[in-house]
Amino acid sequence: MACLRPLVLLCVVSSAVFNVGAQTPLIITLPEALKRAQQYGTQIESANLNAQLAKEDRVQAKAATLPALNAFNQFIYTEGNGTPSGVFVANDGVHVYNEQAVVHQELLALFRHGEIRRALAAEAVAKAKIEVARRGLTATVAQDYYATLAAQRKLVNAQTSLSDAQQFLDITQKLEKGGEVAHADVIKAQITLQQRQRDLQDGELNVEKARIGLGVLIFPDFRSDFSVADDLQEPALLPPMPEALAKATASNPDVEAAKAGVQAAQYDISVARYGYLPSLSFDFFYGIDANRFEANSAMAQDSGRSTLPNYEVSNRQNLGYSGQVTLNIPVWNWGATRSKVKQAEFRQEQAKLDLTLAQRTLQANLASAYSEAQAAQAQLDSLRSSEELSAESLRLTLLRYQAGEAVALEVVDAQTTVAQARNAYDDGLARFRVAIAILQTLTGAL
């Protein structure tokens, strides 16, 4: 590893290593970054929790159609006044014990499945949102990944530009000693060198910031001691537009979520219309509802519940059962049910609009990503040629300067041009890979 003079304190390193003498950082590839992001990404965890919540809503909706069993436990004490019922004539006695098993069933719920189907549709929406979150996170990680990679490459370019500036300073100093150039050329070279040093510092800062932004997504804790693998030169194919559109339309989670939302809105209307229908319920009670907490009472005079005189009832059975059937018929509620139905219909219209918007947005995003990928791909050859030409121009200008045919300003201008061309080419490579990643995300390939 060859180091420049102490003034610069810079060592030429590979694009994967930035700290001299430090341990080689962890190198992350794009597939590994995506895998880590899915493992630690809070967006996906939140979407999974919403899907679990929707699943429990479905379980509860199904359970509401089945018989429910409850244990009813109650003790009522009433102030006594010498009568069997106490001071409150409506009570059954001074002491009342209720220990009953109660079975309740809404009979018509067996034939009404709107709540269950609505819960199923809501669960489908929540599951589709998991894929929406995953694809959104994938696009974000890909953008941050290539932003980090571009920053790494620009840091290497800054190192190269600094080396060029140092070389030019050495040349001007030697020519000044020989009396071939004025001291102004040395000053100009020193100013250029200082600018390149500042560019290098900015490059190091940009790399650190880019790695921090990506590290938040792919690590469970804060860290930036890693590097990303350089895959910008790897070939990437752009699929035909009809093929990309077919894949995107067939597997887009936003559209699927919108379709499930329309179904849920349809079931909302059915559930709202249940308010026009009667409800029929059945309740079965088994246990004790007596003035003494025992299955059989020998002291019948304490009960006060027999139709016979107390002295003629020697024993009574407390443990038993009863049942009731209740039919509630809605008659008038000031238009509340009608309002709920209209509200559900409005939600259905909104859901249909959301579905149309999701389909249009998908087509727009796909066309935009495809155009971006095409434009970026078309510019790569031009950017590569500009980089090569600017490097050759710098070499020739430097030779002309050494031969006394060019001035220092021309050399500095050539150095600036080649630095910009290098960065532009790397930006073009990153732009193309990001466009491909977004396109693959829309089609479900990534």
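The values are calculated or read from the model by the stated rules, or taken from the named source; none is laboratory data. None of these values were measured; they are calculated from a predicted model. Cβ: placed from backbone, ideal geometry, glycine included. Neighbour counts: every protein chain shown. Heads up: the accessible areas ignore ligands, DNA and RNA and are worked out on the full protein's heavy atoms, side chains in. Shrake-Rupley method; radii C 1.70, N 1.55, O 1.52, S 1.80 Å.
Total residues in the range 162-181 satisfying the condition of being of a type in the set (Gly, Ala, Ser) and either closer than 16 Å to Arg400 by Cα or buried (at least 20 other Cβ atoms within 10 Å of the Cβ) (or both): the figure is 1.
Can you say whether Val125 is at pLDDT 90 or above and not in a loop (DSSP other than H, G, I, E, B), as far as the supplied structure shows? Against the criterion (at pLDDT 90 or above and not in a loop (DSSP other than H, G, I, E, B)), Val125 qualifies. Checking each residue in the range 21-74 for being open to solvent by 90 Å² or more (accessible area, probe 1.4 Å), of a type in the set (A, V, I, L, M) and in contact with a strand residue (DSSP E or B) (Cβ under 7 Å, 6 or more places away or on another chain) picks out only Leu69.
Is there a residue being over 25 Å from Ala147 (Cα atoms), open to solvent by 80 Å² or more (accessible area, probe 1.4 Å) and either among the aromatic types (Phe, Trp, Tyr) or in contact (Cβ under 8 Å) with a residue 24 or more places away in the chain (or both) anywhere in the range 194-213? Within the range 194-213 (the criterion being over 25 Å from Ala147 (Cα atoms), open to solvent by 80 Å² or more (accessible area, probe 1.4 Å) and either among the aromatic types (Phe, Trp, Tyr) or in contact (Cβ under 8 Å) with a residue 24 or more places away in the chain (or both)), the answer is no, since none of the residues qualifies. Look at the range 341-353: where a residue is without any contact (Cβ under 8 Å) to a residue 60 or more places away in the chain and assigned to a helix (DSSP H, G or I), no partner that is of a type in the set (Ser, Thr, Tyr) and exposed (fewer than 13 other Cβ atoms within 10 Å of the Cβ) sits 6+ places away or on another chain with Cβ atoms under 6 Å. Restricting the range 240-291 to residues that are over 30 Å from Leu66 (Cα atoms) and touching a Ser or Thr at 6+ places or on another chain (Cβ under 6 Å), the residue that is most open to solvent (accessible area, probe 1.4 Å) is Lys247. Can you find, within the range 324-362, the residue that is least open to solvent (accessible area, probe 1.4 Å) among those that are over 28 Å from the mean Cα position of the chain (by Cα) and basic (Lys, Arg)? The qualifying residue least open to solvent (accessible area, probe 1.4 Å) is Lys342. Would a scan of the range 75-97 turn up a residue that is assigned to a strand (DSSP E or B) and surrounded by fewer than 12 Cβ atoms within 10 Å (Cβ to Cβ)? Yes, the range 75-97 contains at least one residue that is assigned to a strand (DSSP E or B) and surrounded by fewer than 12 Cβ atoms within 10 Å (Cβ to Cβ). Do we have Arg223 as at pLDDT below 90, more than 21 Å from Thr443 (Cα to Cα) and of a type in the set (Lys, Arg) here? In short, yes. Scanning the range 394-416 for residues that are assigned to a helix (DSSP H, G or I) and open to solvent by 60 Å² or more (accessible area, probe 1.4 Å) returns Arg395, Leu396, Leu399, Arg400, Gln402, Leu409, Glu410, Asp413. Filtering the range 175-182 for residues that are in a loop (DSSP other than H, G, I, E, B) and at positive phi leaves a non-empty set. Figure legend. Inter-residue proximity from the range 243-265: first residues part of a helix (DSSP H, G or I), second residues of a type in the set (Asp, Glu), beta-carbon distance below 7 Å, spacing 6+ or different chains. Indicated pairs: Pro253/Glu131; Ala258/Asp354; Gly261/Asp354. Evaluate the following for Ala378: is it out of contact with any Ser or Thr (no Cβ under 8 Å at 6 or more places or on another chain), over 13 Å from Val262 (Cβ atoms) and open to solvent by less than 80 Å² (accessible area, probe 1.4 Å)? When the stated conditions are applied, Ala378 passes them.
All conditions in (1) within 38 Å of the chain's Cα centre (by Cα); (2) touching a residue at least 12 places away in the same chain (Cβ under 8 Å) hold for Ser382, with the sole exception of (2).
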